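Take a look at the structure set out below.
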Amino acid sequence: DLYIPTVGQLAAMFLFRKELNKALAMVGGTPMKEGVYWSSSESNAWSSWNVNFDSGLVSNCLYKYYDNYVRPCTAFELKEK
């Protein structure tokens, strides 16, 4: 199932963006772009938390009607054989 990551998950994605982009390239996915990504974590009724993939800045100052990226994610479990 797809979901929009929380602000904490997006911050972790930023920290590991090089490794994440390599993994996405290996499976034919689209790499994370530089720019601002919305999270599913709301700040209030008018704004949500976001992460800037240019600088790593975590902010809640952008209103929901601003045009930014959204990156759906999926969860799966890796098991050892």
Practice item. Compute the acute angle (0 to 90°) between the alpha-carbon long axis of helix 17-26 and the principal axis of greatest extent of the alpha-carbon atoms of the chain; round to the nearest 10°. Key: 50 degrees
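Leaving out ligands, DNA and RNA, and with a 1.4 Å probe, what % of the accessible surface on the chain is carbon or sulfur? Could you put the intermediate results ahead of the total?
On the way: 3480 of 6030 Å².
The C+S portion of the solvent-accessible surface of the chain is 58 percent.
Mind ordering 4-13, 27-36 by average Cβ neighbours within 10 Å, highest first?
Working: 4-13: 17.5, 27-36: 11.5.
Top of the packing list down: 4-13, 27-36.
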Practice item. State, to one decimal in nm, how far the label point of S55 lies from the label point of D67, with both points 7 Å from Cα in the Cβ direction. Key: 2.1 nm
Practice item. Would you pull out the residues with amide H under 5 Å of S40's amide H, same chain only if 5 or more places away, H placed 1.01 Å from N? Key: T6, V7
**Study point:** Solvent-accessible heavy-atom area per residue, rounded to whole Å², over the chain at 1.4 Å
**Key:** 74 Å²
Check your understanding: For K33 and F76, what is the calculated FRET efficiency with R₀ set at 22 Å and r taken between the beta-carbons, to the nearest 0.05?
Key -> 0.40
Exercise for review: Eight or more residues apart or on different chains, and alpha-carbon atoms under 22 Å: count the Lys pairs in the chain matching that.
Suggested key: 4
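The values are calculated or read from the model by the stated rules, or taken from the named source; none is laboratory data. Computed from a prediction, not measured in an experiment: that's the story for all the values here. Quick reminder, even Gly has a Cβ in these numbers, built from the backbone with ideal geometry, and neighbours come from all protein chains shown. The protein model used for the area step is the full one, side chains on, heavy atoms only, and it has no ligands, DNA or RNA in it. Shrake-Rupley method; radii C 1.70, N 1.55, O 1.52, S 1.80 Å.
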